[in-house]
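Worksheet: the structure to be examined is printed underneath.
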Amino acid sequence: QVPLVTRNSGACCAHLFSKRGNATFTRSAAVAGTVPLLQPWPRAPWSSQQPPDGAGPSCVSPRAPSSVAGPQNPLEMNLCWNEIKKKSHSLRARLEAFSDHSGKLQVPLQEIIDWLGQKDEELSAQLPLRGDVLLVQQEKETHAAFMEEVKSRGPYIYSVLESAQAFLSQHPFEELEEPSSESKDVSPRHRIQNISRFVWKQANVASELWEKLTARCVDQHRHIERTLEQLLEIKGAMEELSTMLDQAESVRETWEPIGDLFIDSLPEHIQSTKLFKDELSPMKDGVKVVNDLAHQLAISDVHLSMENSRTLEHINTRWKQLQASINERLKQLQDAHRDFGPGSQHFLSSSVQVPWERAISPNKVPYYINHQAQTTCWDHPKMTELYQTLADLNNIKFSAYRTAMKLRRVQKALRLDMVTLATALEIFNEHDLQPSDRAMDVVEVIHCLTALYERLEEERGILVNVPLCVDMSLNWLLNVFDSGRSGKMRALSFKTGIACLCGTEVKEKFQYLFSQVANAGGLCDQRHLGVLLHEAIQVPRQLGEVAAFGGSNVEPSIRSCFRFSHGKSAIEASQFLEWANLEPQSMVWLAMLHRVTMAEQVKHQTKCSVCRQCPIKGFRYRSLKQFNVDICQTCFLTGRASKGNKLHYPIMEYYTPVRGQKSTWLSRAVALRCWGCPRVAALPFLMPQHLYKRVLAMGCGNCSSGAVGPLLAAGGYGH
């Protein structure tokens, strides 16, 4: 059977054309051999609208009374005239179809097909649209005229199609059979069926082309409307953005050079620049919207005109330049504030003198340039001199005293001996150095040290060279806890370094250090105690004395401390202090530093048996086996002895003035450690009973014997 061809009227736009129905060519398939019939062809969807009451135009109504006047204005006359013309065209086509059965419908149908093909090409030529408002408006007017032309042609096309339908209803045709090769003559019946078949094909083609053209007209009309709307939006947005950019650039022109600004005004300029950057957020959104609209147009094959493209590119360039200038100024202001502001490192450049220059590495770690020798080094020139003076103390035979006296020199050079632990804790709290395991960079360390020395200057009322003290303290802390100069150290390391060297009782130092590793319940397990001891042992390591205090292995000290925990997995502060009071091997240097500090200003009204110095300053050593033998700290610590007078142990050490026999035990009788021997060494016969029991209870953390003995015994600890 011949396939059905149906025209769908849904493609026509309701606001442009009034629907009157759809044309459909059908074939009856009820029985074989039936003739094809055309259903009645509806009116054209572009025909003129009827009046609201459903009647035809008044000018052609045969029932209008003679007394009724004609159209009252030219518009109504034009409508009537157009309606008459359309009906006359339709009648004429029908009459021609009915009067001529030889195929005269083929000519108008072919003309319609050719005309529809031509118009389809003209419609395609209108694309693509150009991305300019004026040009698209012209395209809109052109397309509107094109649609009017197509619309005016509609009645004629529908009339011809209806005539074709009427013709085919009178001259149906059967299925095309294969013609016999012998029969050369065609009967009149076959001839008329061939004509009907050809008319049917032409009508189908014309119907499809008409439907396609009308649908494309509607789609292109919508495309033009949408494009025009987007172009108007882009044009308005670009004009608004151009105005906003002009205003922002005028503000940028008022910026003063960074070098002309006062240091105190840098924070204010930083804040105003940030606010200015925040105010440009709507502009940022506007630029994004404009670029998105241009992208959407490009997707629909509408490219902006050369002028609009240049305008959009210029806006994007200006916006990027504005953003870059704002970011660059903000960075310059922040760098200037960091380098020249109150918390900057710039003020530390005065800590060195010519030919030295203080420089800063990319990770903010300072280093020092000697322009005369053309060398660089990590250590401050004053710190280098300090290390050289520490070498003079290497002739001290006992490592605990040697380490303590070196630390005392460092402490005084850094002026930390004048800083109390309470002051240091205030600075720690102000800079929020919790938790202790967080990392601090060099800038944070400098801020804390600067605040510490400024507070010292304020509280003590003394003149402190803040840049020099801050720079040397930073140098010392980096040497101890960041020898690789990574620019980072833990807050626990920083607080340990300051607490160990501040001028406070040793008991308070131990209490504070324990609190930094204890949990909320005031208990500390072995792991956290190991962390604390590891941080503390870095101090003698920097002085090259770590081997005498057990090295990096803190496990023996941990086991020794946890003997006071009575088998529990954590120790309390009181148990830790009890262990620390016995001056364990890994921490004896801290207690010795306290005694060195106390003995510094002490004068003993007696004469040194070796060098004859009188009075003895500092430590005083008295043999408990020799009568009236007193030795000053210099002779004792360096091992000097008088001719034929060998020093005998045990020895009493005094670091406070002795006033009568009752005050003797205010001095330190003996310092103890394990020898690794199988028995307890002989103790001073003057030792009180409670101290003797305490010594025996101390035990040993390094060997299984638990033997203890006097620190200053010959051949013992400290050589």
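Brief remarks on what is shown
- Scanning the stretch 217-255 for residues that are open to solvent by 60 Å² or more (accessible area, probe 1.4 Å) and within 20 Å of Asp301 (Cβ to Cβ) returns Asp219, Arg222, Glu225, Arg226, Glu229, Leu232, Glu233, Lys235.
- Among (1) touching a Gly at 6+ places or on another chain (Cβ under 6 Å); (2) modelled with pLDDT of 90 or more - the single one Ala599 does not satisfy: (2)
- Taking the criterion of being open to solvent by 70 Å² or more (accessible area, probe 1.4 Å) and in contact (Cβ under 8 Å) with a residue 24 or more places away in the chain, the residues of the stretch 123-139 that qualify are Leu127, Pro128, Arg130, Gln137.
- Applying the criterion of being surrounded by fewer than 21 Cβ atoms within 10 Å (Cβ to Cβ) and of a type in the set (A, V, I, L, M, F, W, C) to the residues of the stretch 188-212, the residue that is nearest to Val136 (Cα to Cα) is Leu209.
- Candidates Arg310, Arg329, filtered to the one that is among the basic types (Lys, Arg) and farther than 30 Å from Val445 by Cβ: Arg310
- All of (1) modelled with pLDDT of 85 or more; (2) over 60 Å from the mean Cα position of the chain (by Cα) hold for Lys625 with one exception: (1).
- Lone qualifier among Ser574, Ser569 - being open to solvent by 70 Å² or more (accessible area, probe 1.4 Å), within 43 Å of the chain's Cα centre (by Cα) and among the hydroxyl-bearing types (Ser, Thr, Tyr): Ser569
- Residue within the stretch 412-419 that is among the acidic types (Asp, Glu), open to solvent by 10 Å² or more (accessible area, probe 1.4 Å), touching a residue at least 12 places away in the same chain (Cβ under 8 Å) and part of a helix (DSSP H, G or I) present: yes
- Scanning the stretch 158-187 for residues that are at pLDDT below 85 and open to solvent by 50 Å² or more (accessible area, probe 1.4 Å) yields a total of 14.
- Residue in the stretch 271-293 that is among the acidic types (Asp, Glu), part of a helix (DSSP H, G or I) and modelled with pLDDT under 90 present: no
The values are calculated or read from the model by the stated rules, or taken from the named source; none is laboratory data. Because the structure is predicted, anything quoted here is derived from the model rather than measured. Here the Cβ is made from the backbone with ideal geometry for all residues, glycine too, and neighbour counts use every protein chain on show. Side chains included, ligands, DNA and RNA excluded: accessible areas come from the protein's heavy atoms. Shrake-Rupley method; radii C 1.70, N 1.55, O 1.52, S 1.80 Å.
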